[in-house]
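To start, the structure under review is shown below, and the notes come after it.
Only the coordinates and a few stated rules stand behind these numbers; no lab work does. All values reported here derive from a predicted model rather than from experimental measurement. Virtual Cβ from ideal backbone geometry, glycine too; neighbours counted across all protein chains shown.
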Amino acid sequence: MGQIIHCSHTDGVSGIIAALEKATHGDEVNIACGRYLVTNPISVSSGVTLRGAGQSQTIFVHEGHWPALQIIDADDVNLE
């Protein structure tokens with residue numbers, strides 16, 4: 001198991017992106033409860049777990065015709 005990286009609501013989407021860019025295979029990125037406005041797709045790398053605070057507690061809101069999360073050429077990604 002890798003490291004656990006925590007993102008607070010005050011970090012916003014930029015904090016989530018920074019944590020995901022830092023994360024490597026086996027790491028877990030924990031996102032605090034709150035609503036996050038996503039203005040560009042968020043990419044998740046292979047072997048990284050992206051974990052919210054719970055259903056209806058960590059919410060990604062986006063405007064556009066693209067998905068808020070992108071998993072491209074990645075294996076073993078967990079979204080919880």
Note to self: Running a GNM on the chain with Cα contacts under 10 Å, which residue among VAL61, VAL48, VAL13 ends up with the highest mean-square fluctuation?
What the structure shows: VAL61
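Taking the Cα centre as origin and putting +1 on Lys and Arg beta-carbons and -1 on Asp and Glu beta-carbons, what dipole magnitude results for the chain, to the nearest 20 debye? Spell out each step's value before the answer.
Details: 3 positive and 9 negative charges, 55 e Å.
Taking the Cα centre of the chain as origin, the dipole is about 260 debye.
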Checklist line | Cα convex hull volume per residue for the stretch 8-80 (Å³) | finding: 81 Å³
Notebook entry, point to check: Between HIS62 and residues 5 or more places away or on another chain, which pairs have amide H atoms under 5 Å apart, with H built 1.01 Å from N, and which residues are they?
Noted result: VAL38
Checklist line | Under the Karplus curve 6.51 cos²θ - 1.76 cosθ + 1.60, θ = phi - 60°, whole-Hz ³J(HN,Hα) for the stretch 31-46, x wherever Gly or Pro sits | finding: 10, 5, 5, x, 9, 10, 7, 9, 9, 9, x, 9, 9, 10, 8, 4
Notebook entry, point to check: Between GLY34 and residues 5 or more places away or on another chain, which pairs have amide H atoms under 5 Å apart, with H built 1.01 Å from N, and which residues are they?
Noted result: THR58, ILE59
Check: Once amide H atoms are placed 1.01 Å from N in the peptide plane, what residues at a sequence separation of 5 or more from ILE42, or on another chain, have their amide H within under 5 Å of its amide H?
Finding: LEU69, GLN70
Margin query: Based on Cα coordinates alone, diagonalise the gyration tensor for the stretch 41-80, multiply each eigenvalue by 5, take square roots, and list the semi-axes in whole Å, largest first.
Written below: 18, 16, 5
